[in-house]
1. Which percent of the Cα-Cα distances in the range 1-153 go past 28 Å?
2. Suppose we flag GluC sites (Glu not before Pro) only when DSSP calls them loop and at most 11 other Cβ atoms lie within 10 Å. Which is the longest uninterrupted stretch of the chain?
3. Would you work out the relative contact order for the chain, in percent, from Cα pairs under 8 angstrom that are 6 or more residues apart?
4. Tell me, what is the 1.4 Å probe accessible area of ARG291, in Å² to the nearest 10?
5. Work out Dmax and Rg for the chain from the C-alpha atoms and quote the Rg first, both in angstrom.
6. With +1 on each Lys and Arg Cβ and -1 on each Asp and Glu Cβ, and nothing else charged, work out how big the dipole of the chain is about its Cα centre, in Debye to the nearest 20.
Amino acid sequence: MEKRYQVFVSSTYVDLIEERNEIMQALLELECMPSGMELFPAANDTQWEWIKKVIDESDYYIVVIGDRYGSISENTGLSYTEMEYRYALETNKPIIGFVHQNPGKLSADRVEKSEENRKKLKEFKNLVQSKLCKFYNNPEDLGSKVSRSIIQLRKQYPAIGWVRANALDNYTSTIEYIQIIKENEELKNQIIKFENEKPMMSGRLSSGKDEFKVHYSYSIREQQKDNPNSWKKVGTGKDSLVLNWDEIFTYVALDIINNSSRNFTRVNDPFPSVIKEKEKEKLEIKHPNKRLQDFKTDIDDFNKVLLQLRALKFIKKGNYDAWQLTDNGEYYLAELKCEKK
């Protein structure tokens, strides 16, 4: 059956009208159905759910970047163009980016003036260029590259597409055909989920009761003789604590759950509180009559922990690079911590 494919086109609007026209023409010549900014030219947070729905319904996703960052969401601080791109990544939509090769040649009214937004634009470009991306010089060049790219995407990532109702005569009914498509998609999603949740290098990674040495540092303070309420820093100490991977995962997982509204970064490193509790007696013997503060996990060890748990498919990067538990991680945490019947 002859299919039509829906392509979501994401970009800033006013500065890229010519470029969007070329893209629309290229897609229509390929008998594709373009969708995007034209449906909601005044993007705002109230329309975000609708925008996501249109992206979900599209077969392919294109983002075009000139030298403007675009309208910014009050909720996220990101431009709607970047939010759309990140959502398409998150939902595994086949994506290709197009970035202007010589933004310095663009007219002043097409250039981002805000220093803060220029920084965000640079970071966004770096993200797009780290994935499938091509450069263009002008609207005509962009149109021809979009045509070739969509043809390649359709070959590499066959999509469901859309068909005319009268093209379904070979099936018992339209409803049965739709049910077949739905079941096929569910099976594909199950396969993808299984592959994503399956631990990498199974049997070759430390886990469970295997031990890992966490190095840490701390400041040493001494009580002042002339002022008993004052403690002066007199040095820095270093030591290490041995934990098994079940303990490590539990601390990290609970921290992610307790701080789910914030990114899991070094600021939320859970190990200093663990170190102070488990190492208290040893450190009191090592540093009698001293006050120990400012516990910090060695950054290399902390990064190794995150990498190990990610490789074990216990944690993953979610929206805006925040750490989240995978389904496998949720299940394993329940096995470790929940009361058994």
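1. Details: 1453 of 11628 pairs.
Every Cα pair in the range 1-153 considered, those over 28 Å come to 12 percent.
2. That gives 75-338 as the longest site-free run.
3. About 15 percent, as a whole number.
4. Spelled out: ARG291, probe radius 1.4 Å, area about 100 Å².
5. Answer for the chain, Rg first and Dmax second: 26.6, 95 Å.
6. Using only the charged Cβ atoms, the result is roughly 1380 debye.
The values are calculated or read from the model by the stated rules, or taken from the named source; none is laboratory data. Note that this is a predicted model, so its numbers are computed, not measured. As a convention, Cβ positions derive from the backbone with ideal geometry for all residues, glycine included, and neighbour counts pool all protein chains shown. Heads up: the accessible areas ignore ligands, DNA and RNA and are worked out on the full protein's heavy atoms, side chains in. Shrake-Rupley method; radii C 1.70, N 1.55, O 1.52, S 1.80 Å.
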